[in-house]
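K.L.:
Sharing a structure with you now.
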Amino acid sequence: MKITGSETFLLNIPVSRINDSQYTVDSINLLVLKISTDAGIEGYGYNWHTSEGLDIVKKMFDEYVGPRLNGIDPLMRMNVERSLMEAHNFGWDPRLGYNGIGVYITSLVDIALWDILCKVNDMPLYKVLGAGSDQVEAYNTDGGWLSWPKEDLIKNAVRLKNSGYKSIKLKVGSRNPMDDYERVKGVREAIGYDMKLMIDANTKWDLETAIYMSRKLEKFDIYWLEEPLNPDDIAGHAELRKRTTIPIALGESITNLYSFRDYMVSRAVDIVQVDVTKVGGITEWLKVASLSEAFGLNLYPHTNIQQPLHGQLVASVPNGKMVEHVDWLTDVWKYPVKPENGYFRLNTITGAGSEVTEKALEKFLVK
């Protein structure tokens, strides 16, 4: 089998306007890659962002990377990766964007190659990887936004509990940290203590604020504190972990295996949230999963849009636990998954779960 061509599609998809401590989001930029083969099998990969800019990644791939893939066996992923690295050094120069353009391209290509492998074997990804189950627990972030008034936050948390969720996450990082305290307090009192409650600062806090707030919030039985500090500050996270009983979660802003290793060696993380689209694809994600298992750490990947893919990955590793749900792109995926009584069912997925519908391509394509 040989790659005969590749095509990219840039979509801009409106979503309900939300806020966290760093961003206001009202649309998703989704870059879709289709790799064609001489066997008639097509593999789909993707990457995404909550702001504009993926047109630069598209241009880089279309002009400098895509043509280099033609003629390569798509099942020989290491050979494809070598061709990517040789295609144009700009995208992989650490001074210019290894953690930006390079990792975005690597991720979408790797996902497409795994999709091809799955389709060659006529199996979904979770069966190719030998999963232990065809369902995974979901936790809900959709409603924990800072833009929601406290009263709406509480009503939504109760609604989610009644619908079957066992775990929910709230955003923190308000200008006045005591507002965060009151919001967390209100939700915990409303849902009781038989439900997991997580909080996410989206890298907003400094170390002093993180120590102060984590100590104040400990009494509300917080299951994890997510991205409290700058993701490059490994020492700061290690110090915070010593000063609080709340487990520290992070990973969505970490883009390579070696940074995850350094966090683990430094005892600076409890919960690993590696994101397949931000770390270089499925191949690298599986490496981080194995490394995490060796350190006794569980995986709860950052998953705003990629539930069909991350659900399969979590089901396929022994330390995979839950998958995040935000109801943004459910109708865009050709093989969507929706939580049912707090769980994602995976048995309707084909391939890597990375294919989008023709309707979405037509409706949201950036001309």
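The values are calculated or read from the model by the stated rules, or taken from the named source; none is laboratory data. Note that this is a predicted model, so its numbers are computed, not measured. Here Cβ is always computed from backbone atoms with ideal geometry, including for glycine, and neighbour counts include all displayed protein chains. Side chains included, ligands, DNA and RNA excluded: accessible areas come from the protein's heavy atoms. Shrake-Rupley method; radii C 1.70, N 1.55, O 1.52, S 1.80 Å.
K.L.:
Looking at region 280-301, which of its residues are at pLDDT 95 or above and under 14 Å from the mean Cα position of the chain (by Cα)?
P.N.:
Answer for region 280-301, where residues must be at pLDDT 95 or above and under 14 Å from the mean Cα position of the chain (by Cα): GLY281, ILE282, GLU284, TRP285, LEU286, VAL288, ALA289, LEU299, TYR300, PRO301.
K.L.:
Can you find, within region 257-292, the residue that is surrounded by the most Cβ atoms within 10 Å (Cβ to Cβ) among those that are touching a residue at least 60 places away in the same chain (Cβ under 8 Å) and touching a Phe, Trp or Tyr at 6+ places or on another chain (Cβ under 8 Å)?
P.N.:
THR277
K.L.:
Moving on. Anything in region 160-189 that is assigned to a helix (DSSP H, G or I), more than 23 Å from LYS204 (Cα to Cα) and touching a residue at least 12 places away in the same chain (Cβ under 8 Å)? List them, or say none.
P.N.:
Matches in region 160-189: LEU160, LYS161.
K.L.:
On to the next question. Does region 141-159 contain at least one residue that is part of a loop (DSSP other than H, G, I, E, B) and basic (Lys, Arg)?
P.N.:
No: zero hits.
K.L.:
Name the residues in region 228-237 that are open to solvent by 10 Å² or more (accessible area, probe 1.4 Å) and in contact with a strand residue (DSSP E or B) (Cβ under 9 Å, 6 or more places away or on another chain), would you?
P.N.:
Within region 228-237, PRO231 is the sole residue that qualifies.
K.L.:
Do we have LYS242 as in contact with a helix residue (DSSP H, G or I) (Cβ under 6 Å, 6 or more places away or on another chain) and among the charged types (D, E, K, R) here?
P.N.:
So LYS242 does not fit the description; no.
Residue-wise test of (1) farther than 20 Å from SER253 by Cα; (2) surrounded by fewer than 21 Cβ atoms within 10 Å (Cβ to Cβ).
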residue: PRO301; (1), (2): no, no
residue: GLN306; (1), (2): no, no
residue: LEU309; (1), (2): no, no
residue: GLY320; (1), (2): no, no
residue: VAL337; (1), (2): yes, no
residue: ARG345; (1), (2): yes, yes
residue: THR350; (1), (2): yes, yes
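K.L.:
So the check is Cβ under 9 Å with 6+ separation or different chains; which pairs have a first residue in region 318-347 that's farther than 26 Å from PRO14 by Cβ and a second one that's open to solvent by less than 50 Å² (accessible area, probe 1.4 Å) and of a type in the set (Lys, Arg)?
P.N.:
Note: no pairs meet the criteria.
K.L.:
Let me ask you something else. Taking LYS219 as the residue in question, decide whether it is open to solvent by 10 Å² or more (accessible area, probe 1.4 Å), part of a helix (DSSP H, G or I) and under 21 Å from LYS155 (Cβ atoms).
P.N.:
Criteria not met by LYS219.
K.L.:
Taking region 352-367, which residues are in a helix (DSSP H, G or I) and open to solvent by 50 Å² or more (accessible area, probe 1.4 Å)?
P.N.:
GLU358, LYS359, GLU362, LYS363 - these are the residues of region 352-367 that are in a helix (DSSP H, G or I) and open to solvent by 50 Å² or more (accessible area, probe 1.4 Å).
K.L.:
Which residues, taken from region 140-153, are without any contact (Cβ under 8 Å) to a residue 60 or more places away in the chain and buried (at least 19 other Cβ atoms within 10 Å of the Cβ)?
P.N.:
Within region 140-153, GLY143, GLY144, LEU153 meet the criteria.
K.L.:
Additional query: Being in contact with an Asp or Glu (Cβ under 9 Å, 6 or more places away or on another chain) and either surrounded by fewer than 16 Cβ atoms within 10 Å (Cβ to Cβ) or basic (Lys, Arg) (or both), is that true of even one residue in region 194-201?
P.N.:
The answer is yes; a qualifying residue exists.
K.L.:
What's the number of the only condition in (1) more than 18 Å from VAL276 (Cα to Cα); (2) at pLDDT below 95 that GLY102 fails to meet?
P.N.:
Going through the list (1) more than 18 Å from VAL276 (Cα to Cα); (2) at pLDDT below 95, GLY102 breaks only (1).
K.L.:
Next question. Is it fair to say LYS59 is basic (Lys, Arg) and touching a strand residue (DSSP E or B) at 6+ places or on another chain (Cβ under 7 Å)?
P.N.:
For LYS59, the condition - basic (Lys, Arg) and touching a strand residue (DSSP E or B) at 6+ places or on another chain (Cβ under 7 Å) - is not met.
K.L.:
Which strands (runs of 3 or more DSSP E) sit wholly inside region 246-350 and have at least 1 residues that are touching a Ser or Thr at 6+ places or on another chain (Cβ under 9 Å) and within 25 Å of LEU117 (Cα to Cα)?
P.N.:
The strands (runs of 3 or more DSSP E) meeting that bar are 322-325.
K.L.:
Does region 319-334 hold any residues that are over 20 Å from ASP142 (Cβ atoms) and not charged (D, E, K, R), and which are they?
P.N.:
Selection gives ASN319, GLY320.
K.L.:
Across region 66-84, which residue is farthest from LEU10 (Cα to Cα) among those that are at pLDDT below 90 and under 24 Å from the mean Cα position of the chain (by Cα)?
P.N.:
GLU81
K.L.:
Filter region 105-139 down to residues that are open to solvent by 50 Å² or more (accessible area, probe 1.4 Å), closer than 13 Å to GLN312 by Cβ and in a helix (DSSP H, G or I), then give me how many there are.
P.N.:
Of the residues in that region, 1 qualify.
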